[in-house]
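Remarks on the structure that follows.
The values are calculated or read from the model by the stated rules, or taken from the named source; none is laboratory data. Quick caveat: nothing in here was measured; it's all calculated off a predicted structure. Because the Cβ atoms are built from the backbone with ideal geometry, glycine has one as well, and the counts that use them run over all protein chains shown.
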Amino acid sequence: MRSLRLLLLQARHASDPMRDHEHRCFADRTGLAPAQIVPHDLLSGPPTLAQVRAFDGLLMGGSGDFLVSQGDQPNFEPTLALLRDVVAARVPTFASCYGFQAMVHALGGEVIHDPENIEVGTFELSLTEEARRDELFGALPRRFVAQQGHKDRAARLPEGLVHLASSERAPYQALRVPGAPVWAVQFHPELDRDGSCTRYRHYLENYSPELSPEEVEAAMASFEDSPEASALLGRFLRVVFG
């Protein structure tokens, strides 16, 4: 694994400290050195497919300030076009949260803004029957917990994609492109409990602006460790690259 190099697509402002935090979290969960994961700023424009193919695989993370349902990310349409090209080229890919929603939208599914069913913190997920036959998700227990942080959610998956997991508030939590090494998840496998708390504090105005400091601490006390979800990224590398 020491020779692997992955490209990380990020939709975060340069001034946002969560950009570096996300990079470190992906390195920690994959077990790769930070230098093996090269960030790319989507706000300045997506890379070309040729640039993506110069790497062994692709990661796409979350976003603190942009919503797929609103299409408000700079260079949003070119980003969607790149994701379609990546899938067509069967580039090994793992996308989380905003990346999952962008993948759903790019491939013809539906993403809606649904703050009434916001998930922030640690939530239980259930595997579908299809997930039991998946090389990556088949190793998970039927029920497991994962870190979440979203107001948008997928309301319909693109036709032909494999539905892998759901939660009570968001019925589509994970997908696979059949026959290709491409997975995407609504949750954050790159985060552990501490990382989830760090994100929550930083984006508090987006998630829970009405809470008092005491209520914020009480909310974070409910966050849990999520070892099964956190193991997904390392397993992704082993499944795809051996």
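Values as computed for the structure displayed
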| item | result |
| --- | --- |
| Subset of the stretch 45-70 (residues that are touching a strand residue (DSSP E or B) at 6+ places or on another chain (Cβ under 7 Å) and of a type in the set (D, E, K, R)) | Asp56 |
| Pair list, Cβ under 7 Å, 6 or more apart: the stretch 129-153 residue touching a residue at least 12 places away in the same chain (Cβ under 8 Å) and among the acidic types (Asp, Glu), other residue surrounded by 19 or more Cβ atoms within 10 Å (Cβ to Cβ) and part of a helix (DSSP H, G or I) | Asp152/Gln101 |
| Among (1) surrounded by fewer than 24 Cβ atoms within 10 Å (Cβ to Cβ); (2) in a loop (DSSP other than H, G, I, E, B); (3) not hydroxyl-bearing (Ser, Thr, Tyr), the one test that Val120 misses | (2) |
| For Val52: the one exception among (1) within 16 Å of the chain's Cα centre (by Cα); (2) of a type in the set (A, V, I, L, M); (3) buried (at least 20 other Cβ atoms within 10 Å of the Cβ) | (1) |
| Test result for Arg201, touching a residue at least 12 places away in the same chain (Cβ under 8 Å), part of a helix (DSSP H, G or I), charged (D, E, K, R) and out of contact with any Ser or Thr (no Cβ under 7 Å at 6 or more places or on another chain) | yes |
| Residue match in the stretch 77-97 (condition: out of contact with any strand residue (DSSP E or B) (no Cβ under 6 Å at 6 or more places or on another chain), part of a helix (DSSP H, G or I), loosely packed, with under 14 Cβ neighbours inside 10 Å and modelled with pLDDT under 95) | no |
| Flag for Ala131 being surrounded by fewer than 20 Cβ atoms within 10 Å (Cβ to Cβ) and either within 25 Å of Gly242 (Cα to Cα) or among the polar types (S, T, N, Q) (or both) | no |
| Extreme residue, surrounded by the fewest Cβ atoms within 10 Å (Cβ to Cβ), among residues of the stretch 1-20 that are under 15 Å from the mean Cα position of the chain (by Cα) and either more than 18 Å from Phe94 (Cβ to Cβ) or among the charged types (D, E, K, R) (or both) | Arg19 |
| Within the stretch 29-54, considering residues that are assigned to a strand (DSSP E or B) and β-branched (Val, Ile, Thr), the one nearest to Asp72 (Cα to Cα) | Val38 |
| Leading residue by the ranking (farthest from Gly108 (Cα to Cα)) among those in the stretch 171-225 that are at pLDDT 95 or above and among the aromatic types (Phe, Trp, Tyr) | Phe187 |
| Checklist (1) of a type outside the set (Lys, Arg); (2) modelled with pLDDT under 95; (3) within 17 Å of the chain's Cα centre (by Cα) applied to Asn117, failing item | (3) |
